[in-house]
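So the structure is just underneath, and the comments pick up after that.
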Amino acid sequence: MADLLSTHVAIIGTGHAGVECAWALRAAGFEGDIMLLGAEPHPPYERPPLSKGLLTGTTSADRIALRAGDTYEKQGIRYSADDPVASIDTAARLIHTQAGRRIAYQHCVLATGASARGIAGLAGDHVHAVRGLDDAHRLRDAIRPGHRLLIVGAGYLGLEAACSARKLGAEVCVLEQQRGVMAGKVSAPTAERMETLHRHAGIDIRHGVAVTGWQRTPDAWRASLACGGVVDGQQVLVSIGAVADTRLAEAAGLECRDGIVVDEQCRASAPGIYAIGDCASAYRAELQRHARVESVQNALMQARTAAAVIAGKRPPAAKPLTFWSEQHGRRLQMAGLVHPALPCDDHVHATAKGWLVERYQQGRLAALEAVDSPVEFIKGVPRIGTPPVHV
């Protein structure tokens, strides 16, 4: 049997949430052992550039590292790569890795992220997702000028990848089942204006279409549409959202409902276990239910909260959630959440270089969108939760 290692805090997952939690522990004065356990062979890296700069080649893997390589040792953080965790014994507070290591812990932080949602019958050669560094490299290597890339899903990631593929000279067709792009994520005015940018860039966006089947031809994938047509593409990118990676948590007996259920201090349902980032489902007062939120800012906030609780310090005050995307050189910033079951009163304001949308629900500012308007965005975020301003 392998030797037994021990650590005060074991952090499973080396994305934004996991790495930030390790640094936040040190910032909070925590002096115990910290171990970061990664499944990928790569040093921890930023995820947002995967569908943008990394795909177009304007940045590289080295430049998107979350921390410089030598800083882990300087911070006294043991970093372990390419050895996925196989199981967690929450009663014995023991982690087993696939390489056979056993790690005893006092606190265990799950930052396992999320995996790309797939489509039945669509897999294998020339089918892509973009969740990790290897995914982005594989897609970039496959894109050819003049070849068509079919993208299923017109969410943030799908549209960002569409922009990148056009820059690389590919023909791009986006298939979206909903009636507009970024459906449920942004207001109708923003969705319509952003869609216009994509069409002007030569991207074929088809929304309100359902794919009834996929067929592999000698040189392409063929999508059969419910309307009766077909669309071919040499490559296919599936971008229809993500599923929380709860396999370890479920096997360990933790409560999971579309994510690992946590309280306001990121505690999961077993003593000494925390969950943060894309894998965690926390109560959201705006939605009046538990929900996962995929946002770098949310991952960082939950990481700092869990670190403060472990270190015996006061957790940071909650802030409005923020998101961002970049499409065709336009920067889209968003803050807050809208309740999908409630009507939304959108107020659109022109700014010097773009526009601002204030989204009101039940008489209060629920969310804010800004395109190329960073000053207006920064000024507006503190007003979330307040009534309209009458001038």
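The values are calculated or read from the model by the stated rules, or taken from the named source; none is laboratory data. For clarity, every value in this text was computed on a predicted model and none was experimentally measured. A quick note on method: Cβ atoms are made from the backbone with ideal geometry, for glycine too, and the neighbour counts reach across all protein chains shown. Calculation scope for accessible area: heavy atoms of the full protein, side chains included, ligands and nucleic acids excluded. Shrake-Rupley method; radii C 1.70, N 1.55, O 1.52, S 1.80 Å.
Check which residues have an amide H placed less than 5 Å from residue 86's amide H, if you skip close sequence neighbours.
96, 97, 98
Quote the FRET efficiency, to the nearest 0.05, computed for residue 200 versus residue 27 with a Förster distance R0 of 51 Å and r equal to the Cβ-Cβ distance. Provide the component values of the computation, followed by the final result.
Values: r = 45 Å, r/R0 = 0.89.
With a Förster radius of 51 Å, E is 0.65.
Considering only 282, 350, 104, give the residue with the highest GNM mean-square fluctuation for the chain, with springs between Cα atoms whenever their separation is below 10 Å.
350
About the Cα centre of the chain, how large is the charge dipole given +1 on each Lys and Arg Cβ and -1 on each Asp and Glu Cβ? Please answer in debye to the nearest 20.
560 debye
So what is the relative contact order for segment 91-192, in percent, with contacts set as C-alpha pairs under 8 Å and at least six apart?
17 percent
Taking the DSSP beta bridges in the chain as the whole, what percent of them are antiparallel, to the nearest 5?
Values: 50 of 86 bridges.
Of the beta bridges lying entirely in the chain, close to 60 percent run antiparallel.
Mind jotting down the three principal axis lengths of the chain based on Cα atoms? Whole angstrom, largest first.
Largest to smallest, the principal-axis extents are 63, 59, 36 Å.
Can you tell me which of 43, 218, 343 moves the most in a GNM of the chain? Springs connect C-alpha atoms under 10 Å apart.
218
About the Cα centre of segment 85-206, what is the dipole size in debye to 20, counting +1 per Lys and Arg Cβ and -1 per Asp and Glu Cβ, all else neutral?
Result for segment 85-206 is approximately 160 debye, rounded to the nearest 20.
Sorted by mean Cβ packing within 10 Å, highest first, what order do the peptides 49-62, 164-177 take?
Going from most to least packed, we get 164-177, 49-62.
By average Cβ neighbour count within 10 Å, what is the ranking of 327-335, 131-139, 199-207 from highest down? Mind showing how you got there, number by number?
Values: 327-335: 19.8, 131-139: 17.8, 199-207: 14.9.
Order by mean packing, descending: 327-335, 131-139, 199-207.
For a quick protection proxy, order the peptides 21-31, 298-308 by their average other-Cβ count within 10 Å, most packed first.
The densest-packed peptide leads the list: 298-308, 21-31.
Pick out which of 74, 313, 185 has the largest mean-square fluctuation in a Gaussian network model of the chain, springs linking Cα atoms closer than 10 Å.
Highest fluctuation of the listed residues: 74.
What whole number of Å gives the distance from the Cα centroid of segment 110-152 to the Cα centroid of segment 358-372?
With segment 358-372 and segment 110-152 each reduced to a Cα centre, they are spaced 33 Å.
What ranking of 296, 186 comes out by heavy-atom accessible area, probe 1.4 Å, highest first?
Of 296, 186, the descending order of accessible area is 296, 186.
Mean projection of the alpha-carbon convex hull of segment 34-113 over all orientations, in nm²?
About 6.0 nm², averaged over all directions.
Would you mind checking segment 68-89 for residues with the amide N under 18 Å from a putative spin-label position 7 Å along Cα→C-beta of residue 247?
81-89
For residue 74, list the lysines whose Cα falls under 28 Å from its own Cα; do not include residues on the same chain fewer than 8 positions away.
The qualifying lysines are 313.
Determine the relative contact order of segment 29-86: mean sequence separation of Cα pairs under 8 Å and six or more apart, normalised by residue count, in whole percent.
Worked out over segment 29-86, it gives 58 percent.
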